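These notes concern the structure reproduced below.
Read-outs: derived from the displayed coordinates by stated rules, not from any lab. In this text, all values refer to a predicted model and were calculated from it rather than measured experimentally. Methodologically, a virtual Cβ is constructed for each residue, glycine included, from the backbone with ideal geometry; neighbour enumeration extends over all protein chains shown.
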């Protein structure tokens, strides 16, 4: 059964276009129904994230035209908006693309793990809406298996590639299990928000947020399940912090060597991990000389990230090999469905001929004709009826010079060689 992917992504369109076609979770059920109706197919999965909106379809008469028209109508878009931004992938290319998406190979950050969860959620939404059949069901399950294999057999997801993620991962490397650790985040901008999210995923026990604007720190604390303190109380809370990440717009350092030295003594020299993501720096550089203090600047993390990107690119090449191998396995299965359908149709046709001729033979028996005569007639009629269509097609192919078709017919029919008929 043909498979088609119709979509838009960060590789083909700016955010201004992507956000106009994006579908949120509440819109997906209606979108699925609309996509199915537009195409007249029974199988569809819709994946919509900040970086892509893609329609995965399976059916006998699928094409991007009806889906594009439906999307323009539903989203009230100017057709020119979509021009040049959408892509259509079919069959082999669609299968390989699906696997690459699941593995994070097509993501803005190569190897990022969130896309797999998003694809699983999109698949489950389609399952709940009775929009998944045998073909897409098999495709998605295969994609999940390939993604797991890539994660297991390559290093594509083992190294951080953003400063926020790198900070959280380094915290875990230094402190181990973060369940009983306290993280103090100074600032409340996008970077600190990302760090908070990553630390929460790493299982940090307690999040404390300090910011000049109390309203913003309280908002972030609510989102992340943390608490807030006033920036003026930093010295009081510093000793209880195992992890400190700071990213503010302050022109002067907020954390001095003296503050950290006092804090580390209060902690009885338990290690402190400090990440200074600010430019200008929030932490005095001399803090790095203190014992049991691990200070990283944004440049330090960028060096880690650069090395990790190279590692991910190497891992991505290995992942591509896994994707190509399993894409071929899936395509072999898909092609076998076409063969099975052909075999079933041909068998049914032969059985219909058999039943028809057998019924005639039985009527002749009832009429009192000789059984031997009836059996010879049945065998001759059955042979003629079954061979008539293929032999007429082979003869026509020969007249038209289609030697390739004649050759394949001989192979299909299990005949010895092309010359044997001339010597019989």
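Overview of results
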read-out	value
Region 193-248-region 47-105 distance, computed between alpha-carbon centres (Å)	40
Centroid-to-centroid separation of region 321-376 and region 123-154 [C-alpha atoms, Å]	33
GNM result for the chain, Cα springs below 10 Å: residue of 383, 306, 227 fluctuating most strongly	383
Computed Rg/Rh of region 315-356, alpha carbon atoms with Kirkwood Rh	1.44
Volume in Å³ per residue [convex hull over Cα atoms, computed for region 22-99]	98
Rounded to whole Å, sorted largest first: equivalent-ellipsoid semi-axes of region 368-407, Cα gyration tensor	34, 7, 5
Projected-area average for region 205-284 over all orientations - Cα convex hull basis, square nanometres	5.2
Percent breakdown of C-alpha pair distances by 10 Å bin, ordered from the shortest bin, for region 163-302	13, 49, 36, 2
Most mobile of 138, 75, 120 in a GNM of the chain (Cα contacts under 10 Å)	75
Inter-label distance, nm, simple model (7 Å from Cα along the C-beta direction), residue 270/residue 386	8.3
Difference of contour (0.36 nm per residue) and Cα-Cα distance, residue 50 to residue 352	103.2 nm
Ranking of 103, 50 by count of other Cβ atoms within 10 Å, fewest first	50, 103
Globularity index of region 3-158, i.e. its alpha-carbon radius of gyration over 2.2 N^0.38 Å	0.98
Hull-based mean projected area of the chain, where the convex hull spans the alpha carbons, in square nanometres	32.7
Degrees between helix 28-39 axis and first principal axis of the chain (Cα, 0 to 90, nearest 10)	30
Computed [θ] at 222 nm, helices only, for the chain once each DSSP H run of length n ≥ 4 contributes -39500 (n - 2.57)	-19000 deg cm²/dmol
Sequence of 407, 86 once ranked by neighbouring C-beta atoms within 10 Å, starting from the fewest	407, 86
Within a Gaussian network of the chain (alpha carbon springs, distance under 10 Å), most fluctuating of 352, 409, 171	409
Helix 403-413 axis, angle to the chain major axis (alpha carbon atoms, nearest 10°)	90
Bins of 5 Å, starting at 0 and running to the largest distance - Cα pair percent for region 340-415	3, 14, 17, 18, 15, 13, 9, 6, 4, 1
Per-residue Cβ neighbour rank within 10 angstrom, fewest leading, 9, 398	398, 9
Extended-chain gain in nm, criterion 0.36 nm per residue less alpha-carbon gap, residue 332 and residue 30	105.4 nm
Share of Cα-Cα pairs in region 299-397 lying beyond 22 Å, as whole percent	64
For region 100-148: rounded, prolate or oblate by the Cα gyration tensor [a/c cutoff 1.5]	prolate
Spatial separation of Cα centroids for region 1-40 and region 261-313, in angstrom	43
Using alpha carbons only: equivalent-ellipsoid semi-axes of region 142-213, gyration tensor based, whole Å	28, 14, 10
Beta bridge orientation in the chain: antiparallel %, DSSP, nearest 5	45
Over region 136-175: Rg over Rh, Cα atoms, Kirkwood Rh	1.21
Relative compactness, region 233-343, computed as alpha-carbon Rg over 2.2 N^0.38 Å	1.93
